[in-house]
Amino acid sequence: MSVDIYKINPEFRDIMPQEIIDLEDNATWAGESVEKRGISDLTDKKEILEEHSLCAGCPEAAALRYILASLPVPEETIIVNSTGCTSLMFPHIALHTVHSMFGNQNAVASGIKRTLGWRFPDKTKDVVVLAGDGATIDIGLDYTLQSFFRQEKITTICFDNEVYANTGGQESGSTAKGQVFKMAPKGKVFDKVPMWELAVTSGCAYSVKLTASAPKKVAKVLREAVLIAREIGPTYIHLYTPCILEIGLAANEGLWEMKEQDKDRFEDFKYVSDAASDYLKKCKKEGLL
Amino acid sequence: MANLGPAHYSPYPVAYYDDLLTPPKGKALLLTEIVDEEVAMGEIAKMMLTRDNATIFPGPQVLYAWNDEAKKKATLIKEMAEVLNAKMIPMYDYRPKYPKIDAEVEINPNHPNLTIWHNDIKACIFVGVHCHYANVALKMIRSETDCYTAAICGLSGHEDAMATIRDQHAEEMAKFIEIAKEVKKELGK
């Protein structure tokens with residue numbers, strides 16, 4: 001796999017739709033380019049995500065756009081996802097994506113990463129898991145933690161909306177204590193699972209908790225996490241992307257909600273191991289960050 | 001609305017249920033019969049030249065210049081379309097299109113029948129489509145349209161197509177073009 005899979009044979013250029021021609025002409029690929037990709041590309045470059053079917057104003061969609069715009073080498077990246085709201089976006093990404101069974105995403109990603117290592121020993125392949133809190137923290141917790149214990153060199157991103165949103169609003173392990181949902185009328189009786197801390201004790205070299213309120217910050221964290229996962233070990237990003245529908249907000253209030261939570265449940269948490277910290281300094285010197 | 005295909009609205013719109021399998025090496029499948037590759041090539045060419053709105057659906061394996069073989073095949077498929085007087089509509093990737101496809105200019109494996117119906121296509125060739133998606137699309141077309149389908153496959157062929165030739169690479173495609181030229185001449189097209 002390389003950027004060549006986006007180059008249209010000249011014989012067919014006249015029959016291809018404009019959005020596919022744009023992917024070749026105006027999307028940002030690492031390819032031979034020396035310039036870093038980033039969220040500034042969102043203003044005038046072709047995005048890797050086509051139109052999706054999430055709710056209007058969903059912060060998850062914005063977060064995914066930031067992430068896709070910031071992947072260091074998208075053409076050499078495999079994205080593994082799981083069942084959930086995110087499933088509605090992944091089929092629309094112009095990268096290799098694998099939809100796993102609910103909760104299996106980290107096991108699938110581990111297998112893919114190892115296989116790519118054997119198949120393409122001379123290439124750097126990034127494997128990124130993107131799944132919701134139900135898949136990462138509840139149903140797939142075993143696989144998530146096992147991939148950390150085993151030091152699988154993958155990046156795991158949890159899109160935490162604190163609820164099972166697309167099945168009507170059931171509480172998840174990530175729901176805050178006391179929260180009431182349509183399908184959780186009594187309110188949650190135990191605390192939110194601190195997955196970002198579990199990631200540290202389970203062996204992640206890098207674990208960050210944040211909201212998607214600041215695009216540049218999301219981009220920086222994503223880049224750091226992917227680079228560390230290449231050389232040092234598993235990395236984890238816990239990203240708050242509220243379900244505005246389930247918590248009763250309007251389409252334009254998602255950003256406000258994330259900014260509020262920046263000071264509350266999603267106050268900054270960042271752990272970087274010593275080895276990862278040294279590696280990041282090296283990356284910075286080499287211009288990778 | 002187009003007519004239904006041979007499987008109609010069967011819950012099992014697959015040729016396998018009619019005891020059809022992919023052809024053995026060196027052979028081709030023509031409807032229910034195993035025939036020589038050249039025979040199937042001639043029949044495919046005849047169908048494409050005589051049925052309405054013949055169309056070639058090139059898939060990602062030939063649309064993109066990802067290796068030398070793909071580049072060679074692209075040139076050959078362009079020539080094939082000219083010889084067969086066929087239109088080309090690309091199946092450029094397999095993503096579901098949101099909110100809907102433009103059936104006039106694209107075909108999607110998730111609902112290929114829309115493109116067939118919209119353009120009233122009565123004969124088509126699938127080439128360069130990855131096997132899984134070719135199978136999905138061919139089953140739907142077989143079930144819900146009266147379009148004659150042909151699959152030019154680099155691997156073992158597709159029993160859900162009405163005609164399939166297998167192990168087709170640049171050399172074999174060039175042979176098909178030569179046979180199509182002869183058929184065209186015979187038909188006076």
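No lab work stands behind these numbers, since they all come straight from the coordinates. This structure is a prediction, so every number in the text was calculated from the model and none was measured. Cβ sites come from the backbone with ideal geometry, for glycine too, and all protein chains shown count toward neighbours.
Data overview
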item: 5 Å binning of all Cα-Cα separations within chain B, expressed as whole percents from 0 upward; result: 1, 9, 18, 22, 22, 17, 8, 2, 0, 0
item: Convex hull of Cα atoms in the protein assembly as shown, direction-averaged projection (nm²); result: 24.6
item: Span from the region B:20-56 Cα centroid across to the region B:119-189 one, whole angstrom; result: 7
item: DSSP bridge pairs, chain A: antiparallel proportion in percent, nearest 5; result: 20
item: Relative contact order of chain A, defined on C-alpha pairs under 8 angstrom at six or more residues apart (%); result: 17
item: Coordinate range along principal axes, alpha carbons of region A:165-207, Å, largest first; result: 38, 22, 10
item: In region A:213-272, trypsin sites (Lys or Arg not before Pro) in a DSSP loop with at most 14 other beta-carbon atoms within 10 Å; result: A:263
item: Span from the region A:154-177 Cα centroid across to the region A:216-268 one, whole angstrom; result: 13
item: DSSP-loop trypsin sites (Lys or Arg not before Pro) across region B:61-153, with at most 12 other Cβ within 10 angstrom; result: B:100
item: Residue (of B:156, B:63, B:41) at the positive-pole extreme of chain B, dipole from beta-carbon charges; result: B:63
item: Rh (Kirkwood; distinct C-alpha pairs) - region A:87-159, Å; result: 12.6
item: Percentage relative contact order, chain B, counting C-alpha pairs under 8 Å, at least six apart; result: 32
item: Region B:50-141: GluC sites (Glu not before Pro) falling in loop per DSSP and having at most 11 other Cβ within 10 Å; result: B:104
item: Per-residue [θ]222 nm for chain B (sum of -39500 (n - 2.57) over DSSP H runs n ≥ 4, rounded to 500); result: -12000 deg cm²/dmol
item: Angstrom value of the Kirkwood radius, inverse mean 1/r, which spans all Cα pairs in region B:13-121; result: 15.8
item: For region A:203-289, share of DSSP beta bridges that run antiparallel, in % to the nearest 5; result: 40
item: In Hz, Karplus ³J(HN,Hα) per residue of region B:135-141 (6.51, -1.76, 1.60; θ = phi - 60°; x = Gly, Pro); result: 4, 4, 5, 5, 4, 5, 5
item: Backbone HN-Hα couplings from phi across region A:108-121 [Karplus 6.51/-1.76/1.60, Hz, Gly and Pro as x]; result: 5, 5, 4, x, 5, 4, 5, 5, 4, x, 6, 6, 10, x
item: Among the listed pairs A:188/A:259; A:7/B:78; B:78/B:181; B:71/B:175; A:125/A:285, those beyond 19 Å (Cα-Cα); result: A:188/A:259; A:125/A:285
item: Structure-based [θ]222 nm, chain A - -39500 (n - 2.57) summed over DSSP H runs of at least 4, per residue, nearest 500; result: -9500 deg cm²/dmol
item: Percentage relative contact order, region B:54-154, counting C-alpha pairs under 8 Å, at least six apart; result: 32
